[in-house]
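See below for the structure under consideration.
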Amino acid sequence: MSRGPLRILLLLLALMGPASARAQMASADPEVAALRSSFEYGKYAEVLERAGQRIDRGDLPEEDLVELHKLAGLSAFNLNRTEEAERHLRAVLRLDPDFSLDPFVVPPPAVAFFEDLKNQMAGERDFLRQEQRLRLEREKTETERREQERVALETQRRRAEELARQVTVRTVEKRNFLVNFVPFGAGQFQQGRNSMGIVFAATEGALAITSIIAFFAYDSLFEERFITLDNVLDEDGRASIPVRFIPTDRARQADTWQLLKLASATGFYTVYTLGVVDAVYHHEDQVVTSTTVESRPEPKPPAVSMVPPPRLRLYSTRGGLGAGLSLTF
């Protein structure tokens, strides 16, 4: 490639460099942008003084602070003030250990001076990289912690809003003490203990039915006959007396039914007594139950448009009097 096109290419890159830098820093501090413009016009002494004053005032983001130290360091280098240049450029590397100068914008001597400083600060830069990495990790952890706290607070806020929309309905149920003495588990059913109520009702019902069946079965074993007695003061001199009895061949059946009747009756009253004792033990005069329901705002009634009533209007005409009706929609 000939020297002519090469020079044109280098000139284009040099022009693109400041333009890209200005585009990247368009949103920076206005004073920093003004100092950068002054530096491009070669006002190095002014840039060095004003940049130092702005750095001393503080309250700068890290990007602007790096830019100010860079401008001050390059300005001092161009003014042959090596100590100030070294101080500012070292500050740049302490803020950003991997910072590099653009060789298309900065003259080669300044780039070589800066690279020499980077080599001198190699160990310190490694330490600064590690410290920067730890700082970024701490910031990330802190950001995650704040996000978790924010989510927790948002969850608590939503929970509080839900609780605020909920209404607790309390129901007071009064129970009659006399119901505990009603058989067939009435006391347990009143207390809401349906399983125990079913047990007592089924047991007492089975024993009661068994006792009734045994009673009628025992009574069916009896027979009735009439016995005639002579020498009785009667019209005929005789009298007939009815007699109920159980035949001897039914004695075993009678004993069985009699025993079953007594056993079932005894069992019924025993279970009934247990049911009454259990119901009295668990009795409460009143029971309060709480139910939480979500309250919903009452819907607003639809707005009723007020339509004015029709109006009758009278007006005069050439031939007499006219009338008109006006309606508004």
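The values are calculated or read from the model by the stated rules, or taken from the named source; none is laboratory data. Quick caveat: nothing in here was measured; it's all calculated off a predicted structure. Glycine gets a Cβ as well: all are built from the backbone with ideal geometry, and neighbour counts include every protein chain shown. Side chains are part of the model used for accessible areas, which takes the heavy atoms of the whole protein and leaves out ligands, DNA and RNA. Shrake-Rupley method; radii C 1.70, N 1.55, O 1.52, S 1.80 Å.
Structure data summary
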quantity: Most to least packed among 220-227, 63-70 [average Cβ atoms within 10 Å]; calculated: 63-70, 220-227
quantity: Assigned charges on the beta-carbon of Lys, Arg, Asp, Glu; segment 87-165 dipole about Cα centre (debye); calculated: 340 debye
quantity: Partner lysines for Lys43 [C-alpha distance under 24 Å; skip if fewer than 8 residues away on the same chain]; calculated: Lys70
quantity: Exposure rank, largest accessible area first [Arg244, Arg175, Arg50; 1.4 Å]; calculated: Arg244, Arg50, Arg175
quantity: For segment 128-140, 3J(HN,Hα) per residue [Karplus equation, 6.51 cos²θ - 1.76 cosθ + 1.60, θ = phi - 60°, Hz, x = Gly/Pro]; calculated: 5, 4, 4, 5, 5, 5, 5, 5, 5, 5, 5, 5, 5
quantity: Extension gain from Thr171 to Tyr281, taking 0.36 nm per residue of separation minus the Cα-Cα distance; calculated: 37.3 nm
quantity: Per-residue HN-Hα couplings for segment 170-180 [Karplus 6.51, -1.76, 1.60; θ = phi - 60°; Hz; x = Gly/Pro]; calculated: 9, 10, 9, 10, 9, 10, 7, 6, 5, 5, 5
